[in-house]
Amino acid sequence: MIRELRENDRKAFISMVEAFFNSDAVQHSIPHENIVNTFDEVMSGSPYAKAYIIEKDGETAGYAQISLTFSNEAGGLVVWIEELYIRERFRGAGLGKGFLAFIRKEFQGKAKRFRLEITETNTSAECMYLRSGYEHLGYRQMVLEEAQQGNCSQPDSCEMF
């Protein structure tokens, strides 16, 4: 069963997010404060962030967090699957693939694109996404963290134009 996050999921959600951000599925961990802020943002009814609890046989098996954006390129609403985490003992039971089907149905007729990112080493998740119809994009991702604004890791190639 997949359901929206509830206030009484706080402890389980935070625990699973911490496990996710201390796994090989991501490049680095995040501050605990970020996790709490995300939970609070979802609970506030934000139009940009939603989270779901994935259950199996009455137990919390995992979670997913999505963000909603608008894209000219896609021609409308884009659902970003920010995080999809299944607890280890529930992996291989089709819960991740089940969530992907659920979210497509949930946004059927509304979303123009579903998007996600994975680390290069997360090959098992990559296989699941490919089997579910996702394709690789030719884009190289870039990010600007507010605390690091103006830094360039390759100064010789960072000329202003």
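The values are calculated or read from the model by the stated rules, or taken from the named source; none is laboratory data. If you're wondering where the values come from, they're calculated on a predicted model, not measured in any experiment. In this analysis, Cβ positions are derived from the backbone assuming ideal geometry, glycine residues included, and neighbour counts consider all displayed protein chains.
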Examine segment 86-97 for a residue that is at pLDDT 95 or above, in a strand (DSSP E or B) and within 26 Å of Y139 (Cβ to Cβ), and state whether such a residue exists.
no
Residue that is at pLDDT 95 or above and either among the aliphatic types (A, V, I, L, M) or surrounded by fewer than 13 Cβ atoms within 10 Å (Cβ to Cβ) (or both), where the choices are E73, E82:
E73
If I filter segment 108-128 down to residues being farther than 20 Å from E55 by Cα and touching a strand residue (DSSP E or B) at 6+ places or on another chain (Cβ under 9 Å), which single residue comes out as surrounded by the most Cβ atoms within 10 Å (Cβ to Cβ)?
F114
Please go through segment 129-149 and pick out each residue that is among the polar types (S, T, N, Q), surrounded by fewer than 11 Cβ atoms within 10 Å (Cβ to Cβ) and farther than 17 Å from H28 by Cα.
Q149
Evaluation of K50 against (1) of a type outside the set (G, A, S); (2) farther than 20 Å from R131 by Cα; (3) exposed (fewer than 15 other Cβ atoms within 10 Å of the Cβ) (one fails), failing number:
(3)
Would you say E83 is closer than 19 Å to R131 by Cα, of a type in the set (D, E, K, R) and in a strand (DSSP E or B)?
yes
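Okay, residues lined up against (1) assigned to a helix (DSSP H, G or I); (2) surrounded by fewer than 14 Cβ atoms within 10 Å (Cβ to Cβ); (3) on the phi > 0 side of the Ramachandran plot:
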position	(1), (2), (3)
R3	no, yes, no
N8	yes, yes, no
N22	no, yes, no
N34	yes, yes, no
T38	yes, no, no
Among residues belonging to segment 98-107 that are surrounded by 15 or more Cβ atoms within 10 Å (Cβ to Cβ) and aliphatic (A, V, I, L, M), point out the one that is farthest from Y52 (Cα to Cα).
L100
